[in-house]
Amino acid sequence: MVNHLGMAKLNRKKVKVKIFLFSLFLLPLYLLFFTFFQSSATELGNNELPPLNAHPLPPTLVQWQDATNSGDYFSQVKPTKVGYLVWSDFPVKVYVERPLEPIGISAAQLRFQQWVEAVLQAVQEWSVYLPLLVVEEREKADIVILHQSPPLKVSFNHDTGELQLPRARTAETSYQIYLRQQTNTAPELYHRCNILLSPDLSARNIQAAARHEVGHGLGIWGHSPLEADTMYFSQVRNPPPISHRDVNTLKRVYEQSTRLGWLVPELSH
Ligand SMILES: [Zn+2]
């Protein structure tokens with residue numbers, strides 16, 4: 001028995017030594033990966049980013065005067081780390097996904113076409129207040145609107161230890177920040193928006209949902225507490241058109257400062 005135990009101990013030691021050697025062997029690889037990832041990203045501190053500055057108000061919003069003095073819900077719009085998410089290069093380019101096949105062959109394609117028309121209508125409604133241009137190429141767009149349901153995000157409940165499936169959502173808007181190289185000078189900090197809009201909505205709800213999501217895409221990253229506004233946080237039975245309060249809020253957003261649309265001087269050389 002003693003002998004057996006001794007053998008077991010010896011084996012364990014061997015295993016430990018082996019693991020140690022294996023780790024040593026891999027160490028240069030870890031270091032290689034570490035340096036690779038280190039060199040592939042440059043961390044920009046707040047003082048290396050473009051300073052927060054307001055852009056000139058687009059003429060469409062300069063002209064906007066609300067004679068009814070309806071107020072706004074600007075206090076509900078929160079700035080991000082780069083300031084307010086405003087566009088500074090007009091017209092803002094919008095891409096709307098379209099059916100690949102010729103239109104009108106199947107019921108599904110007809111519904112897709114109805115979806116396209118409802119979305120274009122919503123884009124048209126906002127273009128009264130900010131210059132928007134519908135483009136054919138997705139790569140050139142600032143705002144991309146896709147005929148797609150937002151993915152269901154499964155979350156883990158730590159208390160019950162169970163996975164939770166949320167209710168299906170009809171739309172989702174997200175944004176990304178990137179460096180846009182327009183000329184030979186320094187690149188500028190810019191953003192891009194992605195809107196996923198469910199194909200399974202009635203024509204009227206598509207237009208209302210698109211109107212709401214495009215409102216986010218144009219810079220209203222917050223919700224109104226009033227049902228009469230397009231940016232009300234929930235879907236309503238009779239979706240309202242863009243309200244005075246929506247436009248008043250949009251105008252206030254565009255008066256704010258942002259790091260977007262300004263050159264990043266550190267990266268000019
Ligand atoms: Zn919303």
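No lab work stands behind these numbers, since they all come straight from the coordinates. Keep in mind that what you see is a predicted model, and the values were worked out from it rather than measured. Methodologically, a virtual Cβ is constructed for each residue, glycine included, from the backbone with ideal geometry; neighbour enumeration extends over all protein chains shown.
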Per DSSP, loop trypsin sites (Lys or Arg not before Pro) in segment 148-209 with at most 14 further Cβ within 10 Å: 153, 167, 169
Of the trypsin sites (Lys or Arg not before Pro) in segment 70-152, those whose Cβ has at most 15 other Cβ within 10 Å and which sit in DSSP loop: 81
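Over all pairs of distinct alpha carbons, what does the Kirkwood formula give as the hydrodynamic radius of segment 103-260, in Å? Intermediate values should be presented prior to the final figure.
Details: mean 1/r = 0.0573 Å⁻¹.
Evaluated over segment 103-260, this radius sits at 17.5 Å.
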Extension gain, residue 68 back to residue 136 (0.36 nm per residue minus Cα-Cα distance, nm): 20.7 nm
Residue 238/residue 121 FRET efficiency (R0 22 Å; Cβ-Cβ; nearest 0.05): 0.85
Cα coordinate range in segment 41-89, projected on the principal axes (Å, largest first): 49, 24, 15
Restricting segment 205-269 to trypsin sites (Lys or Arg not before Pro) in coil, as DSSP defines it, with at most 14 other Cβ within 10 Å: 237
Neighbour-count order for 163, 52, 196, fewest beta carbons within 10 angstrom listed first: 163, 52, 196
Distance (nanometres) between label positions extended 7 Å along Cα→Cβ at residue 165 and residue 81: 3.4 nm
Residue 114-residue 202 pseudo-label distance in nm [points 7 Å out on the Cα-to-Cβ vector]: 1.0 nm
Fewest-first sequence of 244, 158 by Cβ atoms within 10 Å of each Cβ: 158, 244
